[in-house]
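Below: the structure, in structure tokens.
Each reported figure results from applying straightforward, stated rules to the coordinates on display, with no laboratory input. Model, not experiment: these values are computed from the prediction. Cβ: placed from backbone, ideal geometry, glycine included. Neighbour counts: every protein chain shown.
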């Protein structure tokens with residue numbers, strides 16, 4: 001199975017994107033809803049959680065690991081790659097590659113949680129590819145709770161998105177990376193507030209396409225993944241609101257298993 | 001020492017209130033910032049966390065336990081009282097007593113996290129005292145992240161508070177219970193939006209006064225508490241933002257210890 005984890009249910013946007021590009025591949029998802037969110041927590045704590053989540057997925061038969069969580073991707077990638085002998089995918093590099101290709105003036109905006117933005121990882125990876133690039137970042141800590149509440153298109157949400165995007169809009173960025181797996185659910189508002197000429201980069205779609213290419217290039221790995229179109233969804237805590245938001249993201253009624 | 005715990009740093013409003021009424025008594029605080037917030041998590045998970053937090057405080061010398069967290073108070077009080085042989089205080093009963101005394105028409109509003117409101121505990125306790133009371137509740141899940149961001153007086157915060165309070169305002173409540181330890185930090189906005197004739201009940205102040213009366217009535221217990229005016233603050237995770245908000249609440253520069 002392809003193992004995917006996130007701090008909560010936002011990572012299901014990556015599951016959704018994987019189902020689109022690899023509809024047959026079996027998936028196992030772990031959302032750490034008992035300790036969500038990671039975005040405001042420290043580096044050491046997030047690394048510890050990422051290790052525990054990975055072990056859960058490996059014990060349940062995962063052959064590759066996808067960190068569908070920008071905060072974990074920004075701090076735990078190297079630790080996981082060193083510790084485990086399976087392919088580990090993170091959501092940052094694929095979005096960076098896409099943004100770099102779609103930014104002719106190399107003016108790139110990034111939004112994410114405070115943890116992700118403070119790590120400086122997007123800026124570092126973008127500048128490795130284009131040393132002269134200008135990267136403008138804005139932490140948006142309230143967007144995750146707004147999404148989890150299902151406030152996708154409320155006036156308050158529009159006002160908060162506008163405030164967060166203002167510093168990037170005046171910089172006239174070419175592209176804007178959605179550096180958090182919850183943000184694709186606000187993509188319409190974000191596109192509207194940043195302006196229609198800005199390419200909005202969805203990291204869930206970017207990582208799903210990268211994984212699809214990986215399996216095409218590595219048929220031996222592809223063979224390890226059973227293909228019954230199954231998706232097992234596990235969470236560390238369950239509430240009605242979690243199931244509601246999960247169903248919204250996957251666009252069908254889903255049931256979560258608590259572990 | 002008096003042991004106080006909360007899901008995060010919001011419970012420091014209770015520490016602040018205790019320092020005002022019992023300035024000499026030594027305090028130990030544990031904020032479970034690595035797993036914050038509790039408000040959106042399930043009953044079983046919150047009970048488990050409450051037990052772990054209580055054991056931490058007892059191991060560090062606490063002689064009484066204060067749950068400065070409405071979500072924990074609403075689901076874990078009986079479990080803790082049965083399990084441990086020390087006085088356990090919760091933040092709900094003191095606020096209910098105060099609201100009942102200050103509501104001549106017995107029209108009472110309650111705001112809190114989704115977990116607290118869904119538990120129905122405020123309504124149950126109010127109706128035990130006044131069976132004919134009308135209790136109007138509104139879950140306000142976005143207020144905790146707004147406070148943790150330090151957005152105490154922004155237009156977005158005012159707009160969201162207004163929306164949440166609207167159903168209570170049209171009911172013309174006599175009093176409004178702030179059923180979450182974070183909300184006292186928004187008290188000015190809340191008072192303005194609900195109307196100046198409504199008594200706004202701060203559960204932090206209510207529980208601190210109850211504890212003060214308890215020690216006056218139980219000098220044997222009072223003797224167990226050392227009185228050096230010390231306050232040891234522990235958290236399960238630490239970030240710059242947590243220390244900033246903690247300092248705002250306690251109105252002085254504070255340092256948190258990570259455990």
Considering only the label points, 7 Å along Cα→Cβ from Cα, what distances in nm to one decimal separate residue B:47 from the same position in each other copy, shortest first? 3.6
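Normalised by the residues of segment B:92-203, what does the relative contact order come to in percent, with Cα pairs under 8 Å and at least six apart?
Numbers: 175 pairs, mean separation 39.5, N = 112.
Reported as a whole number, the value is 35 percent.
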Most exposed first, judged by fewest Cβ atoms within 10 angstrom, A:67, A:19, A:1 run A:19, A:1, A:67
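Below 8 Å between Cα atoms, with a sequence gap of 6+, how large is the relative contact order for segment B:1-85 in percent? Working shown, then result.
Details: 111 pairs, mean separation 36.2, N = 85.
The normalised contact order for segment B:1-85 reaches 43 percent.
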Semi-axes, largest first, in whole Å: what does sqrt of 5 times each Cα gyration tensor eigenvalue give for segment A:210-256? 30, 11, 10
In nm, spacing of pseudo-spin labels at residue A:232 and residue B:192 (7 Å Cα→C-beta vector): 5.3 nm
Along the principal axes of its C-alpha atoms, what lengths does segment B:1-88 span, in descending order and rounded to whole Å? 37, 26, 19
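Under the Kirkwood approximation applied to all pairs of distinct alpha-carbon atoms, what is the hydrodynamic radius of segment A:128-188 in Å?
Working: mean 1/r = 0.0784 Å⁻¹.
Kirkwood hydrodynamic radius for segment A:128-188: 12.8 Å.
Quote the FRET efficiency, to the nearest 0.05, computed for residue A:84 versus residue B:21 with a Förster distance R0 of 51 Å and r equal to the Cβ-Cβ distance.
Details: r = 53 Å, r/R0 = 1.04.
So the FRET efficiency works out to roughly 0.45.
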Along Cα→Cβ, 7 Å out, is where each label goes; now give me the distance between the ones at residue A:224 and residue A:255 in nm to one decimal. 3.1 nm
Using a Förster distance of 22 Å, the FRET efficiency for residue A:153-residue B:170 (Cβ separation, nearest 0.05): 0.35
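Run lengths n ≥ 4 of DSSP H only: what is the helix-derived mean residue ellipticity at 222 nm for the protein assembly as shown, with -39500 (n - 2.57) per run over all residues, to the nearest 500?
Working: 24 runs with 254 residues, N = 518.
One gets -14500 deg cm²/dmol as the mean residue ellipticity at 222 nm.
Let me check I have the definition right: for segment B:92-203, take the eigenvalues of the Cα gyration tensor, multiply each by 5, take square roots. What are those semi-axes in whole Å, largest first? Before the final figure, lay out each step's value.
Numbers: eigenvalues 100, 41, 26 Å².
Equivalent-ellipsoid dimensions as semi-axes: 22, 14, 11 Å.
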Distances from residue A:191 to the same position in the other copies: list them in nm, one decimal, shortest first, using label points 7 Å from Cα along Cα→Cβ. 4.6
Cα centroid separation, segment A:41-69 to segment A:202-230 (Å): 19 Å
